[in-house]
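*Asks:* Below is a structure I'd like to ask you about.
The values are calculated or read from the model by the stated rules, or taken from the named source; none is laboratory data. Everything numeric in this text was worked out from a predicted model, so none of it was measured. Here Cβ is always computed from backbone atoms with ideal geometry, including for glycine, and neighbour counts include all displayed protein chains. Quick note on the areas: whole protein, heavy atoms, side chains included, nothing else; ligands and nucleic acids left out. Shrake-Rupley method; radii C 1.70, N 1.55, O 1.52, S 1.80 Å.
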Amino acid sequence: MIPIREAIRRIRTAVHDEEQRINYTDAEILNALNAGLRVLRRTIADIQPEILMTARTFELAAGEDEIQLPSRPLMILDVTAGKFKLLETNLQHVREKPLTGRPKYFYRTGLQSLKIYPPPRVETALTVRLVEDLAEMALEDETPLLNEFDDFLLEYAIWRLSLTEEFDMTQEQQLIANIHQQIASLLAPPPFGAVLRGYW
C-alpha cells in the first residue's frame, strides 16, 4: 500500500513529466490508476478471490427469505445457513415457492440482495462470503492491495498513459494478459495432493 500521491509522483517520473507537469493532470493519472485497479481486482477475483473476500453474517427470522447486503458484491463465493452450505440457483429454478424448511439454495435479486429458498422454519444464522464492490481511489487514499501488486498497478497506469496518443486495443490486451500471467504465477494455488496405491 502506497499513498496515491506517491504513486502519481512515481508515474510522472516514469513518463518524464515530473518537472513540468504539462502532459498529464493528477486527475488523468488517477483515472489510469483506477482503471488499473479494476483490472487487477478482476484478475485476482478470477484466480484467487479469497484474497478479496469479506464475510458478512445475518440473522434470518423464521419465514423470512431475503437479506440486504451492505454493499453491491462483485461476486458471491459462498453462503451458509448454520453449518450447511447453500447452492446457488436463480428464480426460474425455484418451483414450489410457499415451502419452508431447512434452506438449501440462494439466488440474487437485484444488485444488493439475496433470496434464500426455502425460507427457514426457525431463526437461522447466515454467513455470506463475497467480494464487495470497491470505491474508486481518491488523491488522499492509499492503494488498497498488497505492496506486491502496486508494481502491476503502476505498470498499468504508465502504459495506459503512454498509449493514449496512439491507443490500440491490442496493446492494452497484451498488457492485461502479461499482468494476468504474472499475478497468476504469484497466486495460483497448488493442486490437491493425491495418494496413489500400487497394485501390490
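*Asks:* Solvent-accessible area per residue for the chain at a 1.4 Å probe radius, Å²?
*Replies:* 63
*Asks:* For the chain, what proportion of DSSP beta bridges, expressed in % and rounded to the nearest 5, is antiparallel?
*Replies:* Percentage antiparallel, nearest 5: 95.
*Asks:* Would you calculate the volume per residue, in Å³, of the smallest convex hull containing every Cα atom of region 23-178?
*Replies:* About 139 Å³ per residue, rounded to a whole number.
*Asks:* May I pose another question? Tell me, what % of the accessible area of the chain is carbon and sulfur with a 1.4 angstrom probe?
*Replies:* Its accessible area is 52 percent carbon and sulfur atoms.
*Asks:* In square nanometres and to one decimal, what's the mean projected area of the convex hull around the Cα atoms of region 71-131?
*Replies:* On the way: hull surface 16.7 nm².
Dividing the Cα hull surface by four gives the mean projection, 4.2 nm².
*Asks:* Region 70-126: which GluC sites (Glu not before Pro) are DSSP loop and have at most 16 other beta-carbon atoms within 10 angstrom?
*Replies:* Counting only loop positions with at most 16 other Cβ atoms within 10 Å, the GluC sites (Glu not before Pro) in region 70-126 are GLU96, GLU123.
*Asks:* So which trypsin sites (Lys or Arg not before Pro) in region 101-167 pass both tests, a DSSP loop state and at most 15 other Cβ atoms within 10 Å of the Cβ?
*Replies:* Here the trypsin sites (Lys or Arg not before Pro) that fit, given the DSSP loop and packing criteria, are LYS104, ARG121.
*Asks:* Check each of the GluC sites (Glu not before Pro) in region 1-61 and keep only those in coil by DSSP with at most 13 other C-beta atoms within 10 angstrom; list them in order. Please report the intermediate quantities before stating the final value.
*Replies:* On the way: sites: GLU6, GLU18, GLU19, GLU28, GLU50, GLU59; in loops: GLU18, GLU19.
Loop-located and lightly packed - GLU18, GLU19.
*Asks:* Just the Kirkwood number for region 1-108, please: inverse of mean 1/r across all distinct Cα pairs, in Å, one decimal.
*Replies:* Numbers: mean 1/r = 0.0551 Å⁻¹.
For region 1-108, inverting the mean 1/r across all distinct Cα pairs yields 18.1 Å.
*Asks:* Tell me which aspartates and glutamates have Cα within less than 17 Å of LYS115's Cα, excluding those fewer than 8 residues away on the same chain?
*Replies:* Straight-line reach from LYS115, under 17 Å: GLU59, GLU64, ASP65, GLU66, ASP78, GLU88, GLU96, GLU123.
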